[in-house]
Amino acid sequence: MVRNLYVQADEEAPSLRVLANGRELPPTSDDVTNLQAPELPFVSTDPTLEVLVRDDNPYLALDDTSYVDVYLKGGLPSRGPGLGSDFRRISFADDALTFVPPDSGTADPLRLQFEPSLATRDSTYTLKVEAEDTRGNAVEPYQGSFRVQQEQVIRDVYPYPNPMNTHTTFAFRVKGGRNEALRDFSLRIYTLSGRLVRQLEARHLDSPLRVGWNTLRWDGRDEDGDRVATGVYLYRVNIEGAETTFRGDVEKISVIR
């Protein structure tokens, strides 16, 4: 018996993701050229950047450093427009860059771990990653910019929705410093007369406290688990760490039942 066998060439490029301390680091739009652009995320001065390259072809593993290149530019003071300096390729001989190939026959991605030390000055950096599979199918190059600063401050504390009915989500942004420097966190909710209604702590956060955006949900209940009454309440964020102590302004949130 004779049967025809058709072999289809692999023409599909792999996928590429970049994470900063476990969070997606989005690519930067080409029209962002301002070092102070509010769209640029803040990351720790000692970040762990992960590059994940996944190929759907399990027979041709991405098990060699030749399939991916990492570049970094920046390090200029964050003043004025322009993203500064030229890209420099990060060598795999650099101790800051670690190559972790996928296990043979699995769908695990090729993983790079890049741990640059950026704790020298306030600046903006741009990371570029180029990758291809064993057949030369190239992924669209990734390019994303981020900011670092030495002073650790908390900004933009707000709840949404406000007014709230059954729940709200508090969001706040940590700018600068190291993740490891962040320790004790609390968000206290009071009545207008100053009586403590609820204290939310680090364990209530949606993810571990870190540089960048953080969120936590309040279900509108007090320390006894009872729903609070309709009215106006006060809240304040406090963070204690090795390098900073932050006590936020007293803000208001309204509850409507």
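The values are calculated or read from the model by the stated rules, or taken from the named source; none is laboratory data. These figures come from a predicted structure and were not determined experimentally. For the accessible areas, the whole protein counts, side chains as well, though only heavy atoms, and no ligand, DNA or RNA atoms are used. Shrake-Rupley method; radii C 1.70, N 1.55, O 1.52, S 1.80 Å.
A few points about this structure:
- Estimated vicinal HN-Hα couplings, Hz - the range 159-175 in sequence order (Karplus 6.51, -1.76, 1.60; Gly, Pro = x): x, 9, x, 8, x, 10, 10, 9, 7, 8, 10, 7, 10, 8, 10, 8, 10
- Partners for Lys252 among lysines (Cα-Cα distance below 26 Å; same-chain residues under 8 apart left out): Lys175
- Carbon and sulfur %, accessible surface of the chain computed with the full protein complex present, 1.4 Å: 45 percent
- Contact order, relative form, for the range 124-202: 20 percent (alpha carbon pairs under 8 Å, 6 or more residues apart, mean separation divided by residue count).
- Legend: Rg and Dmax of the range 143-241, from Cα coordinates, 14.7, 51 Å.
- Eligible lysines near Lys73 by straight Cα distance, threshold 16 Å, same-chain separation 8 or greater: Lys128
- Relative contact order of the range 211-251, taken over Cα pairs closer than 8 Å and 6 or more residues apart, is 25 percent.
- Dividing the alpha-carbon radius of gyration of the chain by the rule-of-thumb value 2.2 N^0.38 Å gives 1.28.
- For the range 107-146: span of alpha carbons on each principal axis (Å, largest first): 41, 19, 12
- Take the chain with all the other protein chains still there, run a 1.4 Å probe, and you get 55 Å² of accessible area per residue.
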